[in-house]
Amino acid sequence: MLKKLVFFLLIAAALTALPIWPLGTEATRPHSQKELGHVLPELKAKTLDGKELTLPLKNGKATLLGVAFSTKAEQDLKGWLQPIYDAFLAKHEGVFEAGNFDGNVYLVAMMPGAGALVTKGIRDKAAKNIDADLKPHLLLTTQESSTIAKALNVTDKSRPYFAVLDTAGHIKSVVSGAYNEAKMDQLSDNVSAAE
């Protein structure tokens, strides 16, 4: 329980350092198949434990990628954290818990324009308050966000976006906005299909 609380606090702290973006309107239509299927553009980030990553990973595993483009995404992202943790990161044991996700899970805070010292300060502060098993899943980047936003068909940077990538890094589905069970079911189904 303490891990989950610290996980929430870490994401909140990282998101409060994000720049404010002009708001658009949230997409009311789902992503069409025409907009999906391309490979996620290269995203360079650093985990809270200091490891540099370049996404998409091509390690033969599907990836669930959550991206926050602004501080406005914080409230909606908080609603997703517990379900994502429970479904994809928590260690489950027992006969009825055989569906553990054997893939990559990353939550990325986009911080374009932030200096290296600012980012390091946020990373260091957050790393002190989180257990080692969660640090590899939380990423910060100062990379310019427009190519990632375009690939995910972002229409409202005040909302978090969750993409499912197949084993080769192709974007298979995108879910955005506030958490609800129907969206979580869709995300879980798409993750299962991508594995």
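Overview of results
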read-out: Near pairs, Cβ below 7 angstrom, 6+ apart or cross-chain, from segment 129-143 (among the hydroxyl-bearing types (Ser, Thr, Tyr) and assigned to a loop (DSSP other than H, G, I, E, B)) to any residue that is surrounded by 15 or more Cβ atoms within 10 Å (Cβ to Cβ) and at pLDDT below 70; value: Thr142/Ala114; Thr142/Thr119
read-out: Conditions (1) modelled with pLDDT under 85; (2) farther than 16 Å from Thr47 by Cβ; (3) in a loop (DSSP other than H, G, I, E, B): number failed by Asp156; value: (1)
read-out: Unmet criterion (only one of (1) in contact with a Ser or Thr (Cβ under 8 Å, 6 or more places away or on another chain); (2) modelled with pLDDT under 90; (3) under 19 Å from Ala163 (Cβ atoms)) for Gly79; value: (1)
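The values are calculated or read from the model by the stated rules, or taken from the named source; none is laboratory data. Model, not experiment: these values are computed from the prediction. Cβ: placed from backbone, ideal geometry, glycine included. Neighbour counts: every protein chain shown.
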